[in-house]
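Asker: The following block contains the structure, expressed as structure tokens.
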Amino acid sequence: MRFGFRPGLFFAATAAVATLFPMAAAADKRVALVIGNSGYQKVRKLGNPVNDAKALAEVFRTAGFDTVDLRQDLGGGELRRAIRDFSQVARDADVAVVFYAGHGLEFEGNNYLVPIDAKLEWDVDIEDETTSLDRVLKMIEPAKRLRLVILDACRDNPFVASMKRSVATRAVSRGLAKVEPVTSDTLIAFAAKAGSTADDGSGAHSPFTTALLKHLAVPGLDLRFAFGRVRDDVLKTTRNKQEPFVYGSLGGDTISIVAPLPEPPRPRVPEADELTWDFLKDSRDPTALQQFVQRFPTSAFRREAEARLTALAAEVEEARRKAPPPAPPPDEISWTFLKASKDADQLRRFIEQFPSSPRRNEAEARVAALAVEAEEARRKAPAPAPPPDEVSWTFLKASKDADQLRRFIEQFPDSARRNEAEQRVAALAAEAEKAKRTSSAAPTVDRREFARALQLELKRVGCFDGTVDGEFGNATRAALRNFAKFAAISLPDQDASADAIQAVRGFDKRICPLVCPSGERAEGERCIRIVCGGGQVLRNGACISIEPKRPASARREAAPRPSGGGKCFTFQGRQFCE
């Protein structure tokens with residue numbers, strides 16, 4: 001059977017060309033440190049920083065960062081170690097990013113990150129218990145192309161109100177202070193501009209982090225445009241109450257967190273003679289093969305075409321001589337072997353090779369059915385189970401039991417989590433040593449300050465009405481005993497100690513009852529004069545009714561006579577008889 005030649009398809013194939021795009025260059029080394037502090041121990045916990053940190057860390061991982069170090073709820077020592085360790089990673093990096101979510105404060109023009117175990121009772125404790133932003137900038141300074149610090153730390157800071165001042169003129173302000181980076185290609189992004197505070201948010205993330213997740217993950221979007229869009233989103237979300245701000249500058253090159261999507265490579269388009277021969281190589285039409293030889297006299301496929309013509313002529317002659325019964329067409333022969341095939345590629349080649357075959361619709365239906373089966377199998381395939389060391393690490397990564405962590409290292413010596421486990425064991429040992437040193441230290445306490453603080457707290461709960469003079473005398477001792485009595489608690493000592501002060505501070509209302517002078521009664525937090533109605537008099541703090549006075553004659557008549565004949569008389573309302 002011969003195949004018809006289609007001139008339109010033939011000449012369309014001769015006009016096709018192909019180009020290929022080069023592969024993208026290797027990316028720079030990019031590293032990130034992500035910190036989220038929510039579980040503050042001395043003030044109210046924050047709801048979103050840990051969630052914010054996890055989400056930003058996933059953005060950096062998805063963007064292909066070489067290292068993404070996620071830390072959560074760090075104490076002072078852990079925070080400093082995390083920044084120090086990251087400085088080693090950032091030493092030879094091209095891009096270094098630090099994201100911090102939690103409490104931050106400004107003191108004397110400098111900005112500080114607050115760990116979860118900070119107390120900050122005095123302003124002089126800030127430099128000892130917190131980590132300065134300047135330290136973070138110094139640690140990432142070696143990065144070659146970009147140094148980026150993102151601070152979602154402008155929340156309303158609860159430490160400021162209770163912090164004592166060593167010098168009256170020192171100020172601890174709300175929000176963070178304006179900062180000007182001294183190193184080029186450095187950006188510092190605040191959740192709110194200098195001197196203002198940011199909202200922690202009522203959803204899964206703060207408004208600032210929500211906008212970051214939306215815009216930093218846009219492939220190829222320059223950081224300057226990304227932070228501009230972040231600013232617009234936060235202003236809109238907070239109704240212009242919070243305005244993010246970025247300090248620093250970059251050069252003229254485009255810098256983005258997520259690399260631009262690569263342009264898909266264009267498929268190679270075969271040369272015109274190759275494309276045409278692909279359609280004709282199995283053809284049994286001598287006219288089409290002869291036109292191919294004339295159209296492409298220098299083609300590498302010319303000899304095959306001529307051999308094909310010779311073979312077809314010999315076949316025709318042999319067929320004429322032997323006159324065998326007509327053979328089934330090639331598409332029918334191919335379909336005999338393919339109709340039950342599960343190879344979609346073979347079925348597609350059949351459709352391309354025999355576009356006019358009456359079996360084409362069956363082949364296309366078979367390809368569609370195989371695609372549905374493959375998708376169903378992919379959807380039902382179970383997800384691979386995590387390895388045993390990852391399952392164990394999920395339960396141990398936050399453990400404070402050093403023995404359990406050591407058993408994990410012995411059980412899984414080749415685990416990818418071994419370094420984290422060893423670091424955790426070392427950190428627990430350091431914490432234990434620090435706690436030992438702290439418990440053995442004998443702090444020097446001003447006894448008068450303790451007594452004065454205790455007097456103020458006792459006065460607040462209504463148990464002390466004397467002068468606040470810092471003297472722990474009898475009046476103060478009696479007030480402390482009354483407090484313990486009416487609060488129904490047992491104090492470990494009866495002295496002006498930190499435990500006693502803390503016990504009184506645990507109550508936010510009056511504990512001792514209000515004592516009023518004679519003739520007055522307590523009403524709320526003040527004394528008012530008692531006024532009795534008509535026919536009543538005030539006796540022993542209460543109004544009682546009195547009987548009206550009777551005439552003397554009536555009283556004499558009503559007076560009983562003594563049985564012995566003695567005399568009786570009345571004095572001040574009472575009767576006496578001899």
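Asker: For R71, what residues show an amide H to amide H distance below 5 Å, using hydrogens built from the backbone and excluding near sequence neighbours?
Answerer: Those qualifying (amide H under 5 Å, at least 5 residues apart or on another chain) are V34, I35, G36.
Asker: While we're looking at this one, here's another question. Given an 8 Å cut-off on Cα distances and at least 6 residues of separation, report the relative contact order of the stretch 397-440 as a percent. Don't skip to the end; give the middle numbers.
Answerer: Working: 20 pairs, mean separation 16.9, N = 44.
With pairs under 8 Å counted, the relative contact order is 38 percent.
Asker: What is the extension gain from Q346 to R44, computed as 0.36 nm multiplied by their sequence separation minus the C-alpha to C-alpha distance, in nm to one decimal? Walk me through the intermediate numbers first.
Answerer: Working: separation 302, 0.36 × 302 = 108.72 nm, distance 6.67 nm.
Gain in length upon complete extension: 102.0 nm.
Asker: Still on this structure: Within the stretch 59-116, report the trypsin sites (Lys or Arg not before Pro) that DSSP leaves as loop and that have at most 11 other Cβ atoms within 10 Å. Before the final figure, lay out each step's value.
Answerer: Working: sites: R61, R71, R80, R81, R84, R91; in loops: R91.
Passing sites in the stretch 59-116 do not exist.
Asker: About its Cα centre, what dipole magnitude does the stretch 397-440 give when the only charges are +1 on Lys and Arg Cβ and -1 on Asp and Glu Cβ, stated in debye to the nearest 20? Before the final figure, lay out each step's value.
Answerer: Working: 10 positive and 8 negative charges, 35 e Å.
That gives the stretch 397-440 a dipole magnitude of about 160 debye.
Asker: Now a separate question. How much length is gained if the chain between E315 and D495 is pulled fully straight, taking 0.36 nm per residue apart and subtracting their Cα-Cα distance, in nm to one decimal?
Answerer: On the way: separation 180, 0.36 × 180 = 64.80 nm, distance 11.97 nm.
Stretched fully, the E315-D495 segment lengthens by 52.8 nm.
Asker: Can you give me the three principal axis dimensions of the stretch 447-505 from its C-alpha atoms, in Å, biggest first?
Answerer: 27, 20, 19
Asker: If amide H atoms are built 1.01 Å from N in the plane of the peptide, which residues on other chains or at least 5 residues away come under 5 Å of the amide H of V98?
Answerer: L33, L148, V149, I150
Asker: Let me ask something else. With P(r) over Cα pairs in 10 Å bins from 0, in percent in mind, check (i) 3, 16, 25, 24, 17, 9, 4, 2, 0; (ii) 3, 14, 22, 24, 19, 10, 5, 2, 1, 0, 0; (iii) 3, 10, 14, 13, 11, 10, 9, 7, 6, 5, 4, 3, 1, 1, 1, 1, 0, 0 and report the label derived from this structure.
Answerer: Answer label, from the structure shown: (iii).
Asker: Still on this structure, please answer the following. What is the order of H215, H103, fewest Cβ neighbours within 10 Å to most? Before the final figure, lay out each step's value.
Answerer: On the way: H215 20, H103 26.
Least crowded to most crowded, the residues run H215, H103.
Asker: Working out 0.36 nm times the residue gap between C527 and Q502, then minus their Cα-Cα distance, what length gain in nm do you get to one decimal? Could the numbers behind the result be given before it?
Answerer: Values: separation 25, 0.36 × 25 = 9.00 nm, distance 2.93 nm.
Gain in length upon complete extension: 6.1 nm.
Asker: Please sort through the DSSP H helices of the chain and keep those with an alpha-carbon extent of at least 18 Å along the long axis and a Kyte-Doolittle average not below 1.0.
Answerer: Span-like helices here: none at all.
Asker: What's the local net charge at G251, with K and R +1, D and E -1, over the other residues with C-beta under 15 Å away?
Answerer: Here the count lands on -1.
Asker: Provide the descending list of Cα extents for the stretch 390-543 along its principal axes, expressed in whole angstroms.
Answerer: Computed over the stretch 390-543, the largest-to-smallest principal extents equal 96, 37, 19 Å.
Asker: With just the Cα atoms defining each centre, how far is the stretch 29-108 from the stretch 290-319? Give it in Å.
Answerer: 72 Å
Asker: Quantify how much of the Cα-Cα distance distribution of the stretch 372-413 extends past 12 Å, in percent. Walk me through the intermediate numbers first.
Answerer: On the way: 585 of 861 pairs.
Value for the stretch 372-413 (Cα pairs over 12 Å): 68 percent.
Asker: Once Lys and Arg get +1 and Asp and Glu get -1 on their Cβ, which of A432, A484, S415 lies farthest toward the positive end of the dipole of the stretch 350-493?
Answerer: A484
Asker: Still on this structure, I have one more. Counting only other residues whose beta carbon sits under 10 Å from that of C516, what net charge do I get with K and R as +1, D and E as -1? All intermediate terms of the calculation are to be shown ahead of the outcome.
Answerer: Details: positive: R521, R526, R529; negative: E520, E523.
Overall, the nearby charge balance is +1.
Asker: Would you work out the charge dipole size for the chain about its Cα centre, treating the Cβ of every Lys and Arg as +1 and the Cβ of every Asp and Glu as -1, and quote it to the nearest 20 debye? It would help to have the intermediate numbers written out before the result.
Answerer: Numbers: 87 positive and 80 negative charges, 561 e Å.
Magnitude of the dipole: close to 2700 debye.
Asker: Give me the net charge for the shell around E525: Cβ to Cβ below 11 angstrom, other residues only, Lys and Arg +1, Asp and Glu -1.
Answerer: Numbers: positive: K509, R510, R526; negative: E523.
Local net charge: +2.
Asker: Enumerate the lysines that K164 could reach by cross-link, defined here as Cα to Cα under 28 Å, with residues fewer than 8 away along the same chain left out.
Answerer: Answer for K164, where 28 Å is the Cα cut-off: K42, K45, K119, K178, K193, K434, K436, K459, K509, listed by chain and number.
All of the numbers you see were taken from the coordinates with simple rules; none came from a lab. Owing to the predicted nature of the structure, the values given are computational and were not obtained by experimental measurement. Here Cβ is always computed from backbone atoms with ideal geometry, including for glycine, and neighbour counts include all displayed protein chains.
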